[in-house]
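Note sheet for the following structure.
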Amino acid sequence: MRRRAIAVVMLGAVALAACSPGGASDSTGASDGSGPREAVQDLERPSSVSEAAWTWEAPEGVGALGGLFPVPGGVAAVMDDGAIALSGENGGVMWEHRFPDTRAFGAVSGQGQYFTLQLMDTEDDEARPRMLVIDASTGETVHDYRLEDEESSGHVVRGWLANVTDEHWITVEGEQELVAHRLGTDETAWSVPDVAACNGVGSVDRAVVTDGTLVAAFTCYDQPEGETSVEMTEGQEFVSGYSGFDPATGEELWRTEATAGMFAADAHERTLTVHASGVVTAYHPYGRIGHVVDQATGEVVTVDEGDVVWTEEDGSLRGVWTDRTHAYRIEGPDGQEQRRLGTDEIGIAESFANALQGDDAPVALEDGVLLPADLIPRGENEAEAAVFQGFDGAVPITLASARETNLEFDDAVLAPGTVAVSYISHSGQGVVIGLH
């Protein structure tokens, strides 16, 4: 997450959708709790945005949010003690789960089927972590149990909470062992102890689950005995690539070497993302090289100097952000460029929005990019929140204001029905603004 303290104004005219603090809650907008819940109506992801449509303020006592995640119908936010799902259309509460005296960590799984919470007891350091698997469409709890396996319960495996299937929670233990834990019991269903399959130093750097394949990114290099680590030594040989496994059994389906970057640490630091379309992509930050991985065959397509940050729902188009030049392009699966926002256009947007937030990519959409920025008062009753830089021009996004306060930019994500942007107020309270 990105955070930056900024002077802004508190919102007044944008409608607020607040949730009540409550206790251990399982409320949902689709049901009164007396019977099975209906799935929320999903929404299309916007191709562009031009206005602030709604604002949600966290309940009193809830601090900075622990992340924003797209879910069917909108966006879910992790709170100090649980999670809440907000409608992308109006910011209303679709469902929420809160548990007093816990610390919550969470993530959405694969392509949005489940939302996973891991709850740590703040009153009892010896208590085993609690695992909650939620149906992201209805808010219903699918599994609720304690983690008993020493590896998974000995620490919060926050990086792997997204890898939940209908039957298993799949983690990486040690340096390169894949382990599938049975949901509800925490027993080991299967494991693959040596994913990198090399004689040197092997590792699983990232792993993601799609509908049919577990994709693991691996690295291997030789470490000379008695010497300092060579993982960041340019010119030192290393091998990296991807392996596909059956998430139900752990059977290896394919293996592809696709070494990229200047040294082994570049492979260690690559990201691995499952897009809403099901497309799997990787990005090497040091080498600025992207990969598109075919989950069915393991075929890898290299994207020169760019990170795939958006894909069409059917995977036919992809949006690529180039950090070095702050350029954005839409290209087909063959890499043929169709539209581009070059340095000149992005520079215009930066002058409106004041600054890009750090070195991270902006929020990418089909028709351009959203640049969240300092919310600077633009008159007596307005503040500029962001700029949407589209292929057809830049659109400043302003907010009606009532009184001055301080907000700190936190996170932003493209979700069904909205682009959600989170902030931290001067009092430490989380705030989410939905853009349409």
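The values are calculated or read from the model by the stated rules, or taken from the named source; none is laboratory data. Please read all numbers here as calculations on a predicted model, not as lab measurements. Please note: Cβ atoms are built from the backbone with ideal geometry, for glycine as well, and neighbour counts cover all protein chains shown. Note: areas computed on protein heavy atoms with side chains; ligands, DNA, RNA excluded. Shrake-Rupley method; radii C 1.70, N 1.55, O 1.52, S 1.80 Å.
See the values below:
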{"quantity": "Filter result for ALA217 (open to solvent by less than 40 Å² (accessible area, probe 1.4 Å) and in contact (Cβ under 8 Å) with a residue 60 or more places away in the chain)", "calculated": "yes"}
{"quantity": "Residue, nearest to LEU317 (Cα to Cα), within the range 234-248, restricted to residues that are open to solvent by 30 Å² or more (accessible area, probe 1.4 Å) and part of a loop (DSSP other than H, G, I, E, B)", "calculated": "ASP246"}
{"quantity": "Index of the failed condition, ALA402 passing every other in (1) in contact with a Gly (Cβ under 7 Å, 6 or more places away or on another chain); (2) modelled with pLDDT of 60 or more", "calculated": "(2)"}
{"quantity": "Members of the range 46-83 found to be under 16 Å from ASP101 (Cα atoms) and assigned to a strand (DSSP E or B), listed by number", "calculated": "VAL78, MET79, GLY82, ALA83"}
{"quantity": "Single residue of the range 277-294 satisfying the filter (part of a loop (DSSP other than H, G, I, E, B) and within 21 Å of GLY335 (Cβ to Cβ)) that is most open to solvent (accessible area, probe 1.4 Å)", "calculated": "ARG288"}
{"quantity": "Test result for GLU231, of a type in the set (Asp, Glu), at pLDDT below 90 and either open to solvent by 10 Å² or more (accessible area, probe 1.4 Å) or closer than 30 Å to GLU126 by Cα (or both)", "calculated": "yes"}
{"quantity": "Conditions (1) open to solvent by less than 20 Å² (accessible area, probe 1.4 Å); (2) touching a strand residue (DSSP E or B) at 6+ places or on another chain (Cβ under 6 Å); number of the one not met by VAL209", "calculated": "(2)"}
{"quantity": "Enumeration of residues in the range 249-264 that are in contact with a Ser or Thr (Cβ under 9 Å, 6 or more places away or on another chain) and either open to solvent by less than 50 Å² (accessible area, probe 1.4 Å) or farther than 21 Å from ASP194 by Cβ (or both)", "calculated": "GLY250, TRP254, THR256, ALA258, ALA260, GLY261, PHE263, ALA264"}
{"quantity": "When residues of the range 162-215 are limited to those that are hydrophobic (A, V, I, L, M, F, W, C) and part of a loop (DSSP other than H, G, I, E, B), the one farthest from GLY315 (Cα to Cα)", "calculated": "CYS198"}
{"quantity": "Within the range 60-91, considering residues that are more than 18 Å from the chain's Cα centre (by Cα) and within 22 Å of THR138 (Cβ to Cβ), the one least open to solvent (accessible area, probe 1.4 Å)", "calculated": "GLY91"}
{"quantity": "Some residue of the range 332-344 being closer than 22 Å to PRO416 by Cα, open to solvent by 50 Å² or more (accessible area, probe 1.4 Å), part of a loop (DSSP other than H, G, I, E, B) and at pLDDT 85 or above", "calculated": "no"}
{"quantity": "Residue selected from the range 110-138 under the condition under 24 Å from VAL208 (Cα atoms) and among the charged types (D, E, K, R), by the criterion modelled with the lowest pLDDT", "calculated": "ARG130"}
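Conditions tested, residue by residue: (1) at pLDDT below 95; (2) charged (D, E, K, R).
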{"position": "GLY35", "(1), (2)": "yes, no"}
{"position": "GLY74", "(1), (2)": "no, no"}
{"position": "ASP80", "(1), (2)": "yes, yes"}
{"position": "TRP95", "(1), (2)": "no, no"}
{"position": "VAL108", "(1), (2)": "yes, no"}
